[in-house]
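A short worksheet on the structure shown next.
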Amino acid sequence: MKAYFFKRIIAMIITLWLIITGTFFLMHSVPGSPFNEERTTNEAIQKNLESYYQLDKPLIVQYGNYLKALVKLDLGPSIKKSSQTVNDMLGRGFPVSFELGMYTLIVALISGLILGVVAALRHNGIIDYLAMSIAVLGISIPNFVMATVLIQQLAVNLPIFPVATWSSPKHMVLPILALATGPMAIIARLTRTSMLEVLTQDYIKTAKAKGLSPVKIVFKHALRNALLPVVTVLGSLAASILTGTFVIEKIFAIPGMGKYFVDSINNRDYPVIMGTTVFYSAILIFMLLLVDIAYGVLDPRIKLHKKEAK
């Protein structure tokens, strides 16, 4: 167990370092500087600003300085918002993004499991076709298109929900629905396919022969094993949800990290781009580790480490 976690932690550190290195050099390979758009900035002031933010140093020196600061968990100051540090922006924006992402994942997981189980139990019936049609639509429509449709129908034509900000539960409904449709569809299709396979297994037939109730058979025996493929994709789904929040937050004017990240790309705010990338990458890599652990808990046949053959 300890050896497994040690290897995974080393792999996580290497992966994160590769992401940091790739992002840093790709970002700086784009011609120009963050101050080129400032028409009122003369050449002397621009040079002073570049010197202050160490942008005049060789790239390898900038890279080394960034890694040294990163070890101290210092993500640096924002170039465009000089009064704020990236750490401050993360502390202010990430809780909102995390709340949006967690609610979205919960809604997608619950609704996807319900659709998948019902479709499997009513295989080749009207409910099955209806549930899978909903799933196909969810996979086919991008979340930003879904957001536009929801705003038009439920905020403009039928003014049920407010469009922007993040100040009440009513403000959360539309962005959560826009983000949850895609993951919900994937979970529903995986659950249906897995449930259909599990329901044909011998232990399910044995449970039926013993006279167990259909509810107990489905939830105690079938669903537990049918969840394995769903757990496998939870890490990638969480990644897609967290990265999807960037666009959705911009559309709905939600004060999360997505807004800061999009603005930082437009403004070429290097520290914010790097800080957001590093922070989210670390979270997603850690979530993949949790998925591996959950997979082993759900299926006792899967071990976190291999025992040496005697």
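The values are calculated or read from the model by the stated rules, or taken from the named source; none is laboratory data. Small disclaimer: the values here were computed from a predicted structure and weren't measured. Cβ sites come from the backbone with ideal geometry, for glycine too, and all protein chains shown count toward neighbours.
The listed residues are Leu49, Leu55, Leu113, Leu75, and the only one of them that is crowded, with 17+ Cβ neighbours inside 10 Å, within 30 Å of Ala185 (Cβ to Cβ) and either in contact with a strand residue (DSSP E or B) (Cβ under 9 Å, 6 or more places away or on another chain) or of a type in the set (A, V, I, L, M, F, W, C) (or both) turns out to be Leu113.
The set of residues from the range 197-215 being assigned to a helix (DSSP H, G or I) and surrounded by fewer than 17 Cβ atoms within 10 Å (Cβ to Cβ) comprises Glu197, Asp202, Tyr203, Lys205, Thr206, Lys208, Ala209, Pro214, Val215. Considering Val145, Val136, the condition of being modelled with pLDDT of 90 or more, more than 22 Å from Asp263 (Cβ to Cβ) and either part of a helix (DSSP H, G or I) or charged (D, E, K, R) (or both) is satisfied by Val145 alone.
Of all residues in the range 3-55 being among the polar types (S, T, N, Q) and assigned to a loop (DSSP other than H, G, I, E, B), which is modelled with the lowest pLDDT? I'd like the intermediate steps shown before the answer.
In the first step, residues of the range 3-55 are kept if they are among the polar types (S, T, N, Q); the result is 15, 21, 23, 29, 33, 36, 40-42, 46, 48, 51, 54.
Those left that are additionally assigned to a loop (DSSP other than H, G, I, E, B): 33, 36, 40-42, 54.
Details: Ser33: 68, Asn36: 64, Thr40: 53, Thr41: 58, Asn42: 70, Gln54: 78.
Looking at residues that are among the polar types (S, T, N, Q) and assigned to a loop (DSSP other than H, G, I, E, B), I get Thr40.
Of all residues in the range 155-171, those that are in contact (Cβ under 8 Å) with a residue 24 or more places away in the chain have Cβ atoms under 7 Å from Cβ atoms of residues that are small (Gly, Ala, Ser) and not in a loop (DSSP other than H, G, I, E, B), 6 or more apart or on another chain, in Val163/Ala155. Would you call Leu73 outside any helix (DSSP H, G or I) and either basic (Lys, Arg) or at pLDDT 85 or above (or both)? Against the criterion (outside any helix (DSSP H, G or I) and either basic (Lys, Arg) or at pLDDT 85 or above (or both)), Leu73 qualifies. Put simply, of Ala108, Ala44 the only residue that is over 16 Å from Val272 (Cα atoms) and under 28 Å from the mean Cα position of the chain (by Cα) is Ala108.
Going by what's in this entry, would Lys7 be described as of a type in the set (D, E, K, R) and in contact (Cβ under 8 Å) with a residue 12 or more places away in the chain? Judged against the criteria, Lys7 is not a match.
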